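Following: one structure in structure tokens, then a few remarks.
The values are calculated or read from the model by the stated rules, or taken from the named source; none is laboratory data. What you are looking at is a predicted structure, and each value in this text was computed from that prediction instead of being measured. Counting neighbours? That spans all protein chains shown, and the Cβs are built from the backbone with ideal geometry, glycine included. In case anyone asks, the SASA skips ligands and DNA or RNA and just uses the protein heavy atoms, side chains included. Shrake-Rupley method; radii C 1.70, N 1.55, O 1.52, S 1.80 Å.
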Amino acid sequence: MRLSATVSTPARAPGDALAVSVWQEDIRRRAIVAEDLARLDRDAHGALSAAVARESMKGERGQRVEAATRGGRIIVFLGMGKRAKMDPRAWLILGAAASHFAREHRVKSLALAARVEGTGEIARLLAQGLHLGGYEYALGTGEKFKRRKLPLQSTVISFLSKLPGQVTEALRTGSIVGQAANFARDLVNEPANVVTPTELAARAKAWCEPAGVEVDVWGKAKLKALNCGGLLGVNQGSTEPPVMIVMRHAPEELRGGPKLALVGKGVTFDTGGISLKPGADMHLMKGDMAGAAAVIAAMGAIGRLRLPVQVIAYVPSTDNMPSGSAIRPGDVVTHPNGKTTEVLNTDAEGRLILADALVHACREKPTHLVDWATLTGACVVALGERIAGVMSPDEAWRARVCALGTDAGERVWPLPLDEDFAEGLKKSDVADLANIGGGRWGGAEVAGKFLEQFVDGPLWAHVDIAGPSYASSAHAQFTTKGATGCGVPLAVRLAESLAAARGG
Ligand code: BES
Ligand code: MN
Ligand code: ZN
């Protein structure tokens with residue numbers, strides 16, 4: 001999709017169809033008070049004022065009114081919520097709602113009237129939203145997937161005032177982030193018999209190498225040599241070999257300064273192993289590699305954006321299967337730093353493979369480290385299906401990660417990592433740690449505390465995306481049922497933020 005920005009009044013914006021933002025403040029006492037909207041309403045044969053009078057359009061987020069204009073174009077008015085309260089997600093939603101509309105009406109060229117002064121931030125979020133809203137899973141096999149091509153070829157965003165120079169750059173950034181998130185969504189939506197650890201590594205290469213990001217894949221022999229006992233232990237019951245995918249965006253001239261490490265959980269299917277999960281909804285566990293997908297997708301985006309900062313990434317990947325060779329409750333594994341873990345529950349497998357990746361990531365001496373993992377059902381109980389939990393022993397870093405997530409249009413919320421969450425983990429009779437705490441409550445924090453034992457050096461944060469990586473139904477315009485691509489916008493922002501801190 002070609003994407004550009006111009007300064008014009010909405011009516012003059014070019015395109016076969018026009019999407020227009022409507023704020024609650026544009027409407028008062030069942031009447032349109034914004035002059036530009038009133039003009040568009042006349043052009044739309046009064047469709048907007050009629051909807052306003054019958055109160056089916058109040059400018060609330062998600063509301064919409066469609067009409068034909070005198071000039072034969074279609075026009076859609078999209079509710080945004082309160083202008084005074086506009087947040088980053090308002091722009092993602094506008095972009096996404098506009099591309100949904102374009103898909104439904106098979107629009108090839110779209111004009112999107114933002115009705116605000118142009119800024120880089122807004123342009124970026126609109127571009128990101130346009131891509132997210134255009135997503136549809138099209139990689140399925142079978143007849144019904146043959147027709148799924150997005151008709152939209154070009155979008156022109158119109159702003160009210162002269163555009164600052166960075167708008168074009170911002171549109172590119174937003175497009176790259178949106179496309180990367182859609183790439184992550186495909187990886188998560190595709191079945192586990194397609195996206196095996198080996199295939200995940202191949203996709204990481206295909207996505208990252210053209211972006212100038214180096215990809216190194218450690219196979220079983222190397223994992224043994226490097227003492228990745230957690231990953232090998234979880235993989236033991238499987239016929240699919242495990243991998244550690246190592247990615248590097250390390251512009252030579254940027255040695256020194258901040259160095260960001262990203263880690264993502266890549267369990268391509270989680271049956272629970274010998275501690276088998278119940279059957280209901282088990283198919284959703286093909287999405288247990290959403291952290292890996294986010295990290296791989298973000299690395300490709302970071303490479304394409306040529307961000308002036310070193311970023312490395314570690315993705316441990318395996319499936320978690322029960323079989324005659326599978327790891328048993330009570331078995332002990334040894335991680336690369338020599339620490340041992342008693343596997344009291346084989347369904348707490350994510351932390352076992354992440355431990356190995358965290359140790360190896362820390363050996364590269366990053367200054368900052370963030371991991372994404374579909375780690376616990378407890379996090380979904382705590383924050384619901386749409387909000388990620390952010391944990392860190394460093395409060396300032398946790399706050400910064402949360403703020404960057406919000407800026408990027410993600411929904412994130414802090415969770416604590418007090419020392420006593422680790423108590424149960426330290427009570428194994430036969431190893432340094434047990435992989436579960438033994439108690440019933442605070443499972444997200446206990447898992448976070450387990451990971452903390454393997455972090456040595458950098459400022460670290462753990463993002464539990466068990467809830468928001470997958471949507472059980474469509475919501476917020478840019479989220480279709482299925483994979484959401486969460487984690488990608490935040491990961492890219494983190495790299496940008498450290499690049500800016502470097503002064504580069
Ligand atoms: N992959 C699951 C967590 C999960 C649950 C992700 C629901 C998405 C939706 C993880 O490996 C797991 O099984 N966690 C256990 C941990 C428990 C055994 C301590 C859980 O949350 O039940
Ligand atoms: Mn599990
Ligand atoms: Zn899992």
Within the range 249-280, the count of residues that are within 13 Å of ligand 2 (Cβ to nearest atom) and not in a strand (DSSP E or B) comes to 9
Is the range 59-80 home to any residue that is within 24 Å of the chain's Cα centre (by Cα), without any contact (Cβ under 8 Å) to a residue 40 or more places away in the chain and either over 16 Å from residue 40 (Cβ atoms) or open to solvent by 50 Å² or more (accessible area, probe 1.4 Å) (or both)?
-> yes
Residue in the range 321-332 that is part of a strand (DSSP E or B) and within 16 Å of ligand 2 (Cβ to nearest atom) present = no
Only residues that are open to solvent by 10 Å² or more (accessible area, probe 1.4 Å) and outside any loop (DSSP other than H, G, I, E, B): list them for the range 398-419, please.
-> 398, 399, 400, 402, 403, 404, 406, 407, 412, 413, 414, 419
State whether one or more residues within the range 304-317 are crowded, with 24+ Cβ neighbours inside 10 Å and either aromatic (Phe, Trp, Tyr) or free of Cβ contacts under 8 Å to residues at least 12 places away in the same chain (or both).
-> yes
Some residue of the range 304-313 being closer than 26 Å to residue 203 by Cα, within 20 Å of the chain's Cα centre (by Cα) and either assigned to a helix (DSSP H, G or I) or within 14 Å of ligand 2 (Cβ to nearest atom) (or both) | yes
Checklist (1) surrounded by fewer than 23 Cβ atoms within 10 Å (Cβ to Cβ); (2) touching a residue at least 60 places away in the same chain (Cβ under 8 Å); (3) over 30 Å from residue 172 (Cβ atoms); (4) away from ligand 3 (no atom under 16 Å from the Cβ) applied to residue 360, failing item = (1)
Counted residues in the range 218-241 being β-branched (Val, Ile, Thr) and crowded, with 22+ Cβ neighbours inside 10 Å come to 1
Would you please name the residue that is surrounded by the most Cβ atoms within 10 Å (Cβ to Cβ), looking only at residues in the range 99-113 that are under 27 Å from the mean Cα position of the chain (by Cα) and of a type outside the set (A, V, I, L, M)?
-> 99
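When you scan the range 269-289, how many residues do you find that are near ligand 3 (Cβ under 10 Å from one of its atoms) and at negative phi?
Count: 8.
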